[in-house]
Amino acid sequence: MKSRRITSSLVASAIMGVAALAPLAVQAKCTTTIGSVMALTGSLGALGQSIAKGAELAVDTVNKAGGVNGCDLKLSMLDDQTSPAVGVSAAKQLVDIHQVPAIVGALSSGVSMAILTSVTAPGKVVQISPSSTSPSFTELAKSGKTGGYWFRTTPSDALQGVAMAKLARENGLKRVAVLYLKNPYGEGLAGKFSEYFKKLGGKVTASVPYNPKQPSYRSEVSSALGGDPQAVFLIGYPGDGTTVAREWISSGGPQTFLLPDGLESQKFVDDVGAKYMKKVLGTAAGSVNTPSLKTFDSDFQKQFGNPPTQAYMTNAYDAVMVIALAMDKGHGTSADTVKNNIRGISGTAGTAIYAGAGQYEKALKLIKEGKRIHYVGASGELTFDKNGDVSGPMAIWTLKDKKVVQDRMMSVSTINKVLMKR
Amino acid sequence: MIAQYLANGIVLGSSIALGAVGLTLTYNILNFANFAHGSLLSWGAYFAWLVVLVFGGVQSTIGPLSFGWPFILAIVAAALMASVLALVLDWLVFRVLRKSNIQVTLVIASFGASLLLRNLIVVVFGPEPQYYSDNIQIAQPILPGVRTTPDELFVVGLAVVLVIGLHLFLTRTRLGKAMRAVSDNASLAQVSGINVHNVVRWTWVVGGSLAAVAGVMFGLTVQILPDMGFNLLLFLFSAAILGGIGSIYGAILGGLVIGIAADLSVLFISPAYKPAVAFILMIVVLLIKPSGILGEKVQ
């Protein structure tokens, strides 16, 4: 675990070194530090290692274009080991010791929720998660408990649950069992899916929660198998999810899998064995094909030598960009500056600004001239509503030749049509 | 449906029982709660995985099982290697600390050793889960309403054989009798000419071997993970305590009771609360019979 943290900090310092040497870099005398809490180890570790690179790329891009308010932007990243307790102490460290105005993270909804309720909301620090999709954040924001400091660059699972319900019905599935991880992510997604699957004429034969790190999941699977389902909607993360999926197959469950964003991982598919997954219907936060995505892809390739493949890398990139632009717009670095200016640099009004260092420089110029801009993210339009949520299309993924591939997008209007259904 | 949960419980209970026997044995003879026992379990599973890898993975298989003869060899080798690891641990850590009479030092040291051993696995083998075979066995009906995989039947069978073997060892051999004597009263045993140091060594060998086999069994039916032993540790302790700490047959019974109770509970309450069942059961038993089900009277 230690060695990984050292590697990632080496990578980070190497990036900074490159940034300092880059001819474009304006000599900055000051530094603005923002925090980040991500799962670099633990059951989400496989995804987190990649997502972190998206955030690192954004920091590099901002610094290439002259930084924030003329100061170098620095990202102080800590590992939460996919555990709420570790995440909270990491966030506390960032807020109390480094006094960061904003935190990018966490990845797991369970960890983000713990940080939001015990560190960032009471401490009045902005928190932007790239991948926490639980609908419970929207509920919390509606009741005013986030103080407006909560944002996320990924759509809520209220949308993913609907998309999965529609996808399952489109594929002729009528009876589906749900096996979900007992945390805000699993509970939220399972709830939304069940609600809309029923509305669309399907039947949830069993809805069974499971705890992480259990010695065996045989009984959970046995009880999910009751009611003769045609498929299983397995909600979780690769670590325990692999055990549950293998147990499902071993117990003779139908090999049709509905899988959410948390399990969109090649490692998960390889460990379970693609030959046992006859049919896979997957959903994840999708992206509108914005010009930003192309820039992100090529910048990423240049920086890390391989193309970005993991979901949520763009969302992490956008989270950092949004914070940086809000600081520029508000001519400050405080949490309230970020909070009050995020909606002033997103939405649809004014000139569109895309990803990349050149566009960021253009944004700085326009802000100086007092013109309205809006950032179009690599992950999508990014229009934050009053709860800090964005809406967006959902990506549909599946397996082709044993590889995880994104098939198509389910548009916002398609999802909204289902949502309107009574 | 009940029969299926019962079968699930027996499979899990078999691994827990073997692990708990080793734990209770070391407690009885060495007189301390060994928190590093869980890590011996994990190391055993990884040792066997190494041997399987050396043989080029699982190729030929015996009958319907998912593995071949190299795997049987791997179990034996894992038991040997885990015994050596336990002896090294004893020599490096516990031998020195046994001289002090403060029991808690040993317990805390074992906790430290457990963390060390667990993280060493991550360093050597990596944090990702591993499997003995990429193939997944599909469960077959063996009785009306009960489906199991051949591997699960093998695991239960192996546990039964080992328990019978252990019983014969403890009752029929000189060494086994000596171990029971030391466990009853170490000073008296020493006075009557039993080499206590030798008994201590053999305790580690038997305990370490059983832990390794339990780890392999768990790895075969679930998965191999650096955390596996640590995650199982609470169940091992509750099995040992439930059965009556120090009682070998109690530990076996305790392991089965814990495994079956946890799996059967799903019929009555949400699986979300499954982990609590083992501990509630343990507390209830201790309230009724403080020495555990088969435990001797507390002195």
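Coordinate-derived values only; no laboratory data. Predicted, not measured: the structure shown is a model, and the values here were computed from it. Note that we place each Cβ from the backbone using ideal geometry, even for glycine, and neighbour counts take in every protein chain shown.
General remarks:
- Residues with amide H under 5 Å from that of residue A:175, placed H, sequence gap 5 or more: A:203, A:230
- Global geometry of segment A:279-422, whether rounded, prolate or oblate, following the gyration tensor of its Cα atoms and the 1.5 cut on a/c: oblate
- Between amide H atoms placed 1.01 Å from N, distances below 5 Å from residue A:207 occur with A:178, all of them 5 or more places distant or on a separate chain.
- Leading residue at positive end of dipole, segment B:2-288 (Cβ point charges), from B:29, B:253, B:110: B:29
- The simple Förster model, with R0 at 45 Å and r as the Cβ-Cβ distance, assigns residue B:268 and residue B:54 a FRET efficiency of 0.45.
- Inter-site label distance for residue B:184 and residue A:406 at 7 Å from Cα along Cβ, in nm: 7.2 nm
- Test item: Cα-centred dipole of segment B:2-288, Lys/Arg +1 and Asp/Glu -1 on Cβ, debye: 800 debye
- Taking the C-alpha atoms only, the angle from helix A:238-250 to the longest principal axis of chain A is near 20 degrees.
- Cα-based helix-to-principal-axis angle, B:248-264 vs chain B, degrees rounded to 10: 40 degrees
- Longest exposed-site-free window of chain B, the sites being trypsin sites (Lys or Arg not before Pro) in a DSSP loop that have at most 15 other C-beta atoms within 10 Å: B:100-296
- Taking the C-alpha atoms only, the angle from helix B:196-221 to the longest principal axis of chain B is near 10 degrees.
- Positive dipole terminus of chain B, leading residue within B:76, B:145, B:96 (C-beta point charges): B:96
- Taken about its Cα centre, segment B:122-275 carries a charge dipole of roughly 660 debye when the Cβ of each Lys and Arg holds +1 and the Cβ of each Asp and Glu holds -1.
- Taking the Cα centre of the protein assembly as shown as origin and assigning +1 to Lys and Arg Cβ atoms and -1 to Asp and Glu Cβ atoms, the resulting dipole is close to 580 debye.
- Simple rule: put +1 on each Lys or Arg Cβ and -1 on each Asp or Glu Cβ in the protein assembly as shown, find the dipole, and look at B:47, A:188, B:207; the Cα lying farthest toward the positive end is A:188.
- The modelled label-to-label distance for the pair residue B:138/residue B:249, using points 7 Å beyond Cα in the direction of Cβ, is 4.3 nm.
- Relative contact order (%) - chain B, alpha-carbon pairs under 8 angstrom, separation at least six: 36 percent
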